[in-house]
Amino acid sequence: VAKDDAQHRIKTFEPVMLYKRQLRREMAAELRQAVAQNQLLLEYQPVVELATGHLQGVEALVRWNHPTRGLLKPDAFIPLAEETGLIEEISRWVLRAALDQLACWRLLPAQPEQLKLQINLAAAELQSMDLVDYVRRTLRDSGIPAASLVLEITETAFVTGGEVETYSLKSLQALGVGLEIDDFGTGYSSISYLRRLPVDTVKVDRSLIADIDDDDGQLRFVEAVHRLIHAAGMEAVFEGIETAEQAWQLRKMGCCSGQGYYFSRPITAAQVTALLEEGRPLPA
Ligand code: C2E
Ligand code: MG
Ligand code: MG
Ligand code: MG
């Protein structure tokens, strides 16, 4: 009976699986063309000083303007890019395009020299032997000082890293590039690594602060996380701030930096330019 069941299951699921596999193969082939055909684009989400709403930096977020499927978010293609090895080409495009954009912004009369640029790095990127060289070259080509660039890496990538990853992190740090743990609090890692990683900033995942406006226990927990990050000698950035109440609670805790729809959604480069030209802080 069990065997019949299994066979039955295979028969009914097969077409769906085949279809999915086919779809993935198509997507992979299309993604391979995406860079060459100029289908990737960047949006930028402001990181602000919580007390004032002043722009401290922008995080580059990649999108794929797919010819038939419309504008795709990274969750729809970054995993595929990682599986197929296309992530390296995409990452490099992102880094170059974002640094070139920052170079343009630095030419504005407002001279936002302090403006930082956050870029997301896939875990696999740290395994690439010439990542550090590429970062160094791209910084030089764009004329951007290393200190203006911050690379965001998820905690799992930091923690499960072997020798190559550690080498990459140390070399990037030696270059003067800022390193940031992204989505902190979502992985399964122990917290002891916080003290030994070459990291300056920790970006706390938005799931941690989602309920702080009506859950006292969660609020106290986030306070403790904030203190923990400071105790490890790092700065905290809170992502996913959606309400005035959340912003206020975090400010009251003494948090400096934040990011979220409450301040701004990801916006186009032109919209960032407008913000810089106005020089007006975002509503805080
Ligand atoms: P992330 O680095 O944690 O980026 C934050 C994500 O949360 C962004 O989604 C952003 O739009 C969203 N977000 C920001 N504020 C809020 C908020 O207040 N509420 C809610 N609900 N969401 C908010 P997005 O753009 O879809 O990016 C998703 C993830 O894709 C990023 O997470 C990042 O891990 C990855 N990613 C984005 N760009 C790149 C890239 O160039 N390279 C690589 N390797 N990964 C990227
Ligand atoms: Mg990020
Ligand atoms: Mg994040
Ligand atoms: Mg996140």
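Scanning region 142-200 for residues that are on the phi > 0 side of the Ramachandran plot, of a type outside the set (Asp, Glu) and at pLDDT below 95 yields a count of 1.
Within the bounds of region 20-43, is there any residue that is open to solvent by 60 Å² or more (accessible area, probe 1.4 Å) and in a strand (DSSP E or B)? No, there is no match, as no residue in region 20-43 is open to solvent by 60 Å² or more (accessible area, probe 1.4 Å) and in a strand (DSSP E or B). If you check 58, 47 for being open to solvent by less than 30 Å² (accessible area, probe 1.4 Å), part of a strand (DSSP E or B), touching a helix residue (DSSP H, G or I) at 6+ places or on another chain (Cβ under 9 Å) and under 25 Å from residue 179 (Cβ atoms), only one passes: 58. For region 107-118, does any single residue satisfy the condition of being of a type outside the set (Lys, Arg), buried (at least 20 other Cβ atoms within 10 Å of the Cβ) and within 16 Å of ligand 2 (Cβ to nearest atom)? Yes, the conditions are met somewhere in region 107-118. Please determine, by comparing only the residues of region 251-280 that are open to solvent by less than 20 Å² (accessible area, probe 1.4 Å) and among the hydroxyl-bearing types (Ser, Thr, Tyr), which one is nearest to residue 227 (Cα to Cα). Here the residue is 257.
If you go through region 213-224 one residue at a time, do you hit one that is in contact (Cβ under 8 Å) with a residue 12 or more places away in the chain, farther than 20 Å from residue 57 by Cα and within 16 Å of ligand 4 (Cβ to nearest atom)? Walk me through how you get there before you give the answer.
Step one: of region 213-224, the residues in contact (Cβ under 8 Å) with a residue 12 or more places away in the chain are 213, 219, 221-223.
From what's left, farther than 20 Å from residue 57 by Cα: 213, 219, 221-223.
This time we only want the ones that are within 16 Å of ligand 4 (Cβ to nearest atom), so: 222.
Looking through region 213-224, at least one residue is in contact (Cβ under 8 Å) with a residue 12 or more places away in the chain, farther than 20 Å from residue 57 by Cα and within 16 Å of ligand 4 (Cβ to nearest atom).
Answer yes if at least one residue in region 207-225 is under 29 Å from residue 106 (Cβ atoms) and open to solvent by less than 20 Å² (accessible area, probe 1.4 Å), and no otherwise. There is no residue in region 207-225 that is under 29 Å from residue 106 (Cβ atoms) and open to solvent by less than 20 Å² (accessible area, probe 1.4 Å).
Residues that are surrounded by fewer than 17 Cβ atoms within 10 Å (Cβ to Cβ) and either of a type in the set (Ser, Thr, Tyr) or away from ligand 3 (no atom under 16 Å from the Cβ) (or both) within region 61-78 comprise 65, 66, 67, 68, 69, 70, 71, 76, listed in sequence order. Of everything listed in (1) within 16 Å of ligand 2 (Cβ to nearest atom); (2) exposed (fewer than 15 other Cβ atoms within 10 Å of the Cβ), the single unmet condition for residue 237 is (2).
The values are calculated or read from the model by the stated rules, or taken from the named source; none is laboratory data. Model, not experiment: these values are computed from the prediction. Backbone-built Cβ (ideal geometry, glycine too); neighbour counts: all protein chains shown. What goes into the accessible areas is simple: the full protein's heavy atoms, side chains included, and nothing from ligands, DNA or RNA. Shrake-Rupley method; radii C 1.70, N 1.55, O 1.52, S 1.80 Å.
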